[in-house]
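The values are calculated or read from the model by the stated rules, or taken from the named source; none is laboratory data. Here the structure is a predicted model, which means the values were calculated and not measured. Neighbour counts run over all protein chains shown; Cβ positions are idealised from the backbone, glycine included. Protein only, heavy atoms only, side chains kept; ligands, DNA and RNA dropped before computing areas. Shrake-Rupley method; radii C 1.70, N 1.55, O 1.52, S 1.80 Å.
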Amino acid sequence: MHLVRQTFDTVELDDFEAHLTAGLRRQLQRAALPEGSSVAIAVGSRGVSPVVEVVRTLVSGLREAGLQPFVVPAMGSHGGGTAEGQASVLADYGVHERSVGAPVRATMDTVELGKTASGITVHLDAAAAASDGVIVIGRVKPHTGFRGPIESGLCKMSVIGLGNRRGAESLHAHPLATGIPEAAALTVASGHLLCGVALVENAFDRPARAEVVPPEAFHATDEALLKIAHKLMPRLPLDKLDGLLIDRMGKNISGSGMDPNVVGMWRRLGELDRTPDYGWLAVLGLTPESHGNAVGIGLADLCSRKLADAIDHEALAMNTLTAMALHAAKVPLTLPTDRACYETVLHLAARTTNQPLRIGRIQNTLDLETFWVSEGVLDDLPGTCEVIDPASPFGFDADDAILESGAFEPSA
């Protein structure tokens, strides 16, 4: 295997916090909230980068304007579907009162805002609804489970994230591509929302675009920024492999643990073309930030016992039942060690081709600047890639767990 580095667009906002502060001031001038008004800042479970800086900047700007900010988790049924679990998820991301300067008020209670024409009951977090205005933070990106002009972003956060478990269940009982925009229109019309912070990240998880917009611009902003997000999203520069190893999956990596936009959306939506097609897919570990929620494990063909033992089945069930995506929780063939997964991928691949094996290895589906490929792949790498290490074997420890530390950094 060879270690390869690919070049991505590194566009990043200059003076991000100043840009965010200026946008917030414009929206506060428009809204003209009375001094002392309470403002809820809705923070999700996706590890938006840089989430602590975003929330802290908003808190500072709101306090400067004489307002009283607080944070609410906006993550549907994540965190085990409990207020304590959701507050814990935020704390793992560094979002707590000491770091951002505002209290976190977590609840699973909601208020009903009404029903859409197609019968979706729209919910809003009760703490957010009791405030004088809500700021929605949304990372705009391709969704992992459907295609449409509006996917992940402000609209989704407004109705699934802020809808808590009941709102998420209501939305997932309908087609999301049409349901999210329809439900978001009702939330916008309710008057609870102050503004939204729409973020697009580059391939290095840094802010490339940030727009602070009024509620009536949520739909247009999501649609426009999604086109940019598609271009900036990190992917492997290959359409075909015989097998792929993924060191870690996790909720902080993708809502589906492993982003289907990277490993092949056909693994989630079987009617789509098998592009990219990475053959046999093995996942070896779960990130600690997932709190045992291995949703998306059903995308894989193989997993290690290490990963299977890390699953919190109650948290996994909560997430998959809410999303009505039970296939995402099906545990694949489980092998005793990482080494066994690696060797089995090689064995299966060798039985399906008489050409030199095309095998890859990645850290996860988010960090893709460097990755490993076998000799048979090198001639297909585009000009945006360079081989940075000569051929070398993978390392395993005494328990046959794959060595992760430093594995994707060039050797000295």
Hey, what angle do you get for helix 176-189 against the long axis of the chain, alpha-carbon based, 0 to 90 degrees rounded to 10? 20 degrees
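Just to verify a number: FRET efficiency for D397 and K330, C-beta to C-beta distance, R0 = 30 Å, to 0.05? Please list the in-between numbers first.
Working: r = 29 Å, r/R0 = 0.96.
Approximately 0.55, to the nearest 0.05.
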Starting with the highest mean, order 122-132, 334-344 by the number of other Cβ atoms within 10 Å, averaged over the residues of each peptide. 122-132, 334-344
Formal net charge of residues neighbouring L113 (Cβ-Cβ distance under 13 Å; K, R +1; D, E -1): -1
Report the local net charge at G66: Lys and Arg +1, Asp and Glu -1, summed over other residues whose C-beta lies under 14 Å from its C-beta. -1
GNM of the chain, Cα pairs under 10 angstrom: of S256, S304, S392, the biggest fluctuation goes to S392
With a ≥ b ≥ c the root eigenvalues of the C-alpha gyration tensor of the stretch 7-121, is it rounded (a/c under 1.5), prolate (a/b larger than b/c) or oblate? rounded
Which angle between 0 and 90 degrees, to the nearest 10, do you get for helix 338-352 versus the longest principal axis of the chain when only C-alpha atoms count? 70 degrees
If unit charges are put on Cβ atoms (+1 for Lys and Arg, -1 for Asp and Glu) and the dipole of the chain is taken about its Cα centre, the option from H143, G395, N364 lying farthest towards the positive end turns out to be H143
Using a ≥ b ≥ c from the Cα gyration tensor of the stretch 280-333 (square roots of the eigenvalues), is it rounded, prolate or oblate, where a/c under 1.5 gives rounded and otherwise the larger of a/b and b/c decides, a/b for prolate? oblate
When the Karplus curve 6.51 cos²θ - 1.76 cosθ + 1.60 is applied with θ = phi - 60°, which whole-Hz ³J(HN,Hα) does each residue of the stretch 142-152 get, with x for Gly and Pro? x, 6, 8, x, 7, 10, x, x, 10, 10, 7
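How high is the FRET efficiency from A32 to A317, r the C-beta distance, R0 30 Å, rounded to 0.05? The partial results should precede the final answer.
Details: r = 46 Å, r/R0 = 1.52.
Efficiency for this residue pair is about 0.10.
Roughly how big is the chain's charge dipole about its Cα centre, with Cβ charges of +1 (Lys, Arg) and -1 (Asp, Glu), in debye to the nearest 20?
Using only the charged Cβ atoms, the result is roughly 880 debye.
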Once Rg and Dmax of the Cα atoms in Å is worked out from the coordinates, which option in (i) 20.9, 68; (ii) 21.7, 72; (iii) 23.8, 99 does it equal? (ii)
Under a straight-distance cross-link criterion of Cα-Cα below 22 Å, which lysines are reachable from K227, leaving out those fewer than 8 residues away in the same chain? K141, K156
Could you work out [θ]222 nm for the chain from helices alone, using -39500 (n - 2.57) per DSSP H run of at least four and dividing by all its residues? Round to the nearest 500 deg cm²/dmol. -8500 deg cm²/dmol
State the answer as a single residue: which of F408, L286, Q27 lies farthest towards the positive end of the charge dipole of the chain, with beta carbon charges of +1 for Lys and Arg and -1 for Asp and Glu, about the Cα centre. Q27
Quick check for me: using +1 on Lys/Arg Cβ and -1 on Asp/Glu Cβ, what's the dipole size of the stretch 337-412 about its Cα centre, in debye to the nearest 20? 360 debye
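In the chain, what percent of the accessible surface is made up of carbon and sulfur (1.4 Å probe, ligands and nucleic acids excluded)?
50 percent
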Measure nothing but the geometry: give the 0 to 90° angle between the long axis through the Cα atoms of 218-232 and the longest principal axis through the Cα atoms of the chain, rounded to 10°. 20 degrees
Quick check: residue separation of A126 and R351 times 0.36 nm, minus the Cα distance between them. What number comes out in nm? 75.4 nm
Within 15 Å, Cβ to Cβ, of L307, how many net charges do the neighbouring residues add up to if Lys/Arg are +1 and Asp/Glu are -1? -3
Find how many whole Å separate the alpha carbon centroid of the stretch 322-380 from the alpha carbon centroid of the stretch 216-242. 24 Å
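Got the relative contact order for the chain handy, in percent, Cα pairs under 8 Å and 6 or more residues apart?
Numbers: 935 pairs, mean separation 77.9, N = 412.
Answer for the chain is 19 percent.
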Enter the accessible area per residue of the chain (Å², integer; probe 1.4 Å; all protein chains in place). 40 Å²
To make sure I understand the rule: partners must be lysines, Cα under 22 Å from the Cα of K306, and not fewer than 8 residues away in the same chain. Which ones qualify? K251, K330
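Rounded to the nearest 20 debye, what is the charge dipole size of the stretch 73-161 about its Cα centre when +1 sits on each Lys and Arg Cβ and -1 on each Asp and Glu Cβ? Display every interim value, and only then the final one.
On the way: 7 positive and 8 negative charges, 75 e Å.
Computed charge dipole of the stretch 73-161: roughly 360 debye.
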